[in-house]
Amino acid sequence: AKRNGRDRFQLFSAALAQERQRAVALETGLRAAIAAGDLRLHYQPKVAAATGELTGLEALARWHHPEYGEVSPDRFIAIAEESTLIIELGSWVLREACRQARAWLDAGVPLPPIAVNVSAGQILYHDLVAEVTGVIDASGVPPELLQIELTESVMAKDPELVASALDTLSRRGVTTAIDDFGTGYSSLSYLRSFPAHAIKIDQVFIERLTDSPDDDKIVRATISLAHSLGFRVVAEGVETEAQRDHLLALGCDELQGWYIGRPAPADSVPEVIARLRPG
Ligand code: C2E
Ligand code: CA
Ligand code: CA
Ligand code: CA
């Protein structure tokens with residue numbers, strides 16, 4: 001048994017070492033990809049629950065690694081977040097989303113707000129307000145066309161700093177949304193003091209919404225609470241018509257998910273916009 005345990009330990013540590021090696025290779029590759037402009041943004045629509053009209057597009061980072069193929073954003077964002085790489089990645093995402101928005105506006109595409117995901121490091125170790133303001137001014141994109149999504153966990157790290165950054169941005173016309181709502185800690189206490197416009201209910205609550213009475217109750221209560229505090233409510237991960245109908249009945253304002261549209265490359269966005277007629 002002892003021997004067996006040791007073999008297993010060696011196997012385990014070999015796997016760990018391999019995993020560590022891969023993470024280092026990914027970090028090196030990601031650094032190079034950002035510098036070379038090899039990342040891409042895909043865009044996923046959000047629509048009004050009641051009318052199906054387009055209300056926004058969320059920009060989602062994509063990375064095709066020359067050796068490993070498509071790397072999941074959950075993986076490369078986590079790697080970037082371990083260092084200042086996330087600040088460089090975040091800057092690129094903001095600039096690229098605004099560059100693309102400007103190009104669509106110039107081409108006469110009727111554009112809804114574009115939401116960009118922001119990580120903790122971009123606020124805590126970097127001047128997000130200066131960055132966003134600079135990118136907006138340089139690109140000439142109206143601030144109303146930019147939305148910032150950040151998770152509760154970001155807020156929890158330094159509530160005062162984050163609240164003041166969101167407040168300044170929202171005075172400039174940029175809207176903000178609380179992402180992955182319900183999966184962080186102290187959800188309710190943060191809602192009270194945060195100058196955000198919308199909350200996005202995490203897809204874990206939408207997944208079993210139609211057959212789990214508990215999830216139904218959670219989503220119902222979240223929508224009611226959010227509305228009474230003046231937030232718009234977006235449901236993430238809507239995959240079926242039954243979920244759409246259920247969310248509509250619960251008074252959810254906006255829907256996002258594969259049932260509405262999958263994240264897609266920039267060149268297919270004008271078609272998506274034409275199909276979903278922005279309100
Ligand atoms: P998120 O911000 O919660 O984005 C939603 C994720 O759910 C996206 O995964 C999207 O492709 C996926 N999704 C959308 N609709 C459905 C659906 O109906 N069913 C299912 N199963 N999934 C759906 P993705 O693109 O893999 O991104 C994962 C996460 O990586 C994002 O979660 C976000 O936290 C992070 N991320 C992506 N791009 C960026 C970025 O530019 N900056 C930062 N800081 N984070 C990013
Ligand atoms: Ca998001
Ligand atoms: Ca989310
Ligand atoms: Ca998520």
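For the stretch 66-100, the set of residues classified as of a type in the set (A, V, I, L, M) and within 17 Å of the chain's Cα centre (by Cα) consists of 71, 77, 78, 79, 80, 86, 87, 89, 93, 94, 97, listed by residue number. I'd like the full set of residues that are within 16 Å of ligand 4 (Cβ to nearest atom) and either in a loop (DSSP other than H, G, I, E, B) or modelled with pLDDT under 95 (or both), limited to the stretch 242-263. Within the stretch 242-263, 257, 258, 262, 263 qualify. Determine whether residue 191 is closer than 26 Å to residue 127 by Cβ and open to solvent by less than 10 Å² (accessible area, probe 1.4 Å). Here the answer is yes, as residue 191 does meet what is asked. Listed by first and then second residue, the pairs linking a residue in the stretch 27-44 that is closer than 27 Å to residue 261 by Cβ and away from ligand 1 (no atom under 11 Å from the Cβ) to a residue that is assigned to a strand (DSSP E or B) and among the aliphatic types (A, V, I, L, M), with Cβ atoms under 7 Å apart and 6 or more places separating them unless they lie on different chains, are 33/39. Residue check: is residue 184 over 30 Å from residue 104 (Cα atoms), modelled with pLDDT under 95, surrounded by fewer than 19 Cβ atoms within 10 Å (Cβ to Cβ) and touching a helix residue (DSSP H, G or I) at 6+ places or on another chain (Cβ under 8 Å)? Here the answer is yes, as residue 184 does meet what is asked. Among the residues of this structure, residue 170 does not count as one that is polar (S, T, N, Q) and surrounded by fewer than 15 Cβ atoms within 10 Å (Cβ to Cβ).
Of all the residues in the stretch 101-112, those that are of a type in the set (A, V, I, L, M) and either assigned to a loop (DSSP other than H, G, I, E, B) or open to solvent by 70 Å² or more (accessible area, probe 1.4 Å) (or both) number 3. Of all the residues in the stretch 198-212, those that are within 8 Å of ligand 1 (Cβ to nearest atom) and part of a strand (DSSP E or B) number 1. The single condition from (1) within 16 Å of ligand 4 (Cβ to nearest atom); (2) buried (at least 21 other Cβ atoms within 10 Å of the Cβ); (3) without any contact (Cβ under 8 Å) to a residue 60 or more places away in the chain that residue 115 fails is (3). Can you name every residue in the stretch 222-252 that is open to solvent by less than 40 Å² (accessible area, probe 1.4 Å) and within 16 Å of ligand 2 (Cβ to nearest atom)? Of everything in the stretch 222-252, those that are open to solvent by less than 40 Å² (accessible area, probe 1.4 Å) and within 16 Å of ligand 2 (Cβ to nearest atom) turn out to be 231, 233, 234, 235, 236, 237, 238. In the stretch 79-107, the residues that are within 14 Å of residue 121 (Cβ to Cβ) reach residues that are open to solvent by 10 Å² or more (accessible area, probe 1.4 Å) and among the polar types (S, T, N, Q) with C-beta atoms within less than 8 angstrom, at least six apart or across chains, in these pairs: 80/119; 81/119; 86/119; 90/119; 93/117.
One residue stands out among those in the stretch 143-167 that are part of a strand (DSSP E or B) and either open to solvent by 20 Å² or more (accessible area, probe 1.4 Å) or more than 16 Å from ligand 4 (Cβ to nearest atom) (or both): the one that is farthest from residue 231 (Cα to Cα), which is 146.
The values are calculated or read from the model by the stated rules, or taken from the named source; none is laboratory data. Keep in mind the model is a prediction, meaning the values are calculated, not measured. Quick reminder, even Gly has a Cβ in these numbers, built from the backbone with ideal geometry, and neighbours come from all protein chains shown. These accessible areas exclude ligands, DNA and RNA; they are computed on the full protein's heavy atoms, side chains included. Shrake-Rupley method; radii C 1.70, N 1.55, O 1.52, S 1.80 Å.
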